[in-house]
Amino acid sequence: MQAAGLTEQLSTPGPYTIFAPTDAAFSALPKATLDQLLQPANKQQLVRLLAYHVVPGGTTSQQLTSGEVKTVEGNTVKVTVDRASNSITVNNAKVTQPDIPASNGIVHVVDQVLLPPNFAASLNTTATP
């Protein structure tokens, strides 16, 4: 969040719902992708990636419903709520720890990094000196 400059935006009054990937989820990304995201030339792509995990409004797991939800990034994520199995997925990521209260919203931990549409194609693969 700090590398992308999103800490300021998310410290403003929300509320927000954040689908936060675990450290293991980020580690599962290809190393080259992580390295590229941290290059200064790709700051806007990092901002885009992280903003894709944020939805306006503080929504608990009990309030979530199945359907398309618009993210702060501008594209939608597909939320699937299965009350029978007590499971929630966002795109293909499973919510592993729901309803963590934050000062400006709710955090739901997910087991995968959510990638916006056409994300890989938007990365600048030119190495920086």
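Data overview
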quantity	calculated
Equivalent-ellipsoid semi-axes of the stretch 60-125, from the Cα gyration tensor, Å, largest first	23, 14, 12
Label-point gap, in nm, between residue 70 and residue 96 - each point 7 angstrom along Cα→Cβ	3.2
Gyration tensor (Cα) of the stretch 36-90, equivalent ellipsoid semi-axes in angstrom	28, 11, 9
Carbon/sulfur fraction of accessible area - the stretch 33-114, other protein chains in place, 1.4 Å, %	50
Under the Debye formula (equal points on every Cα, no solvent term), log10 I(q)/I(0) of the stretch 14-120 at q = 0.14 Å⁻¹	-0.53
Separation of alpha-carbon centers, the stretch 67-121 and the stretch 22-54, rounded to whole Å	16
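The values are calculated or read from the model by the stated rules, or taken from the named source; none is laboratory data. Worth saying up front: this structure is predicted, and the values here are computed from it rather than measured. Quick reminder, even Gly has a Cβ in these numbers, built from the backbone with ideal geometry, and neighbours come from all protein chains shown. When the accessible area is computed, the model is the full protein with side chains, heavy atoms only, and any ligands, DNA or RNA have been set aside. Shrake-Rupley method; radii C 1.70, N 1.55, O 1.52, S 1.80 Å.
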